[in-house]
Amino acid sequence: MNTILAVLVSAAAVSYVAKVPSFGCSSRAEVFKLQSVRADTQAFQGLLTEQVAYGQCVTIPRGAEVEGSNTDTGTSTLLINAKSDPPGYVVPLGDFMRK
């Protein structure tokens, strides 16, 4: 059963490219919190810097290529680099485009 699941997960992975400078976090809650203040540049930068310092989030430069899967189509997030950097990072789906 685990082999079948591993095959399905690896088959779902697709290459994405960051359209804008972005961020990835260890949970959807952190991503949603950052997205809620993104319009306020100062608040966003402060919160992102804090989350990066705590090791909860990472910054992703524009043009970065990542491997992602969107297994939860009900959200606006994407799980990236789960294979190369387990457990991966949750990122805003709108910041990335399929390669």
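The values are calculated or read from the model by the stated rules, or taken from the named source; none is laboratory data. Source: prediction; values computed, not measured. Positions of Cβ are backbone-derived with ideal geometry, glycine not excepted, and every protein chain shown enters the neighbour counts. Surface accessibility is based on the protein's heavy atoms, side chains included, excluding ligands, DNA and RNA. Shrake-Rupley method; radii C 1.70, N 1.55, O 1.52, S 1.80 Å.
List of remarks:
- Test: residue in segment 14-21 that is polar (S, T, N, Q), free of Cβ contacts under 8 Å to residues at least 12 places away in the same chain and under 23 Å from ARG98 (Cβ atoms): no
- Pair list, Cβ under 6 Å, 6 or more apart: segment 43-60 residue free of Cβ contacts under 8 Å to residues at least 60 places away in the same chain, other residue small (Gly, Ala, Ser): GLN56/SER26; VAL58/GLY24; ILE60/ALA18; ILE60/SER22; ILE60/GLY24
- Residue list for segment 17-58, filter: under 16 Å from GLY88 (Cα atoms), of a type in the set (A, V, I, L, M, F, W, C) and open to solvent by 30 Å² or more (accessible area, probe 1.4 Å): ALA29, VAL52, VAL58
- Index of the failed condition, ALA11 passing every other in (1) at pLDDT 95 or above; (2) exposed (fewer than 11 other Cβ atoms within 10 Å of the Cβ): (1)
- When residues of segment 59-77 are limited to those that are at pLDDT 95 or above and over 21 Å from THR49 (Cα atoms), the one surrounded by the most Cβ atoms within 10 Å (Cβ to Cβ): VAL66
- Qualifying residues in segment 89-99 (those that are among the charged types (D, E, K, R) and not in a loop (DSSP other than H, G, I, E, B)) - the one nearest to PHE23 (Cα to Cα): ASP95
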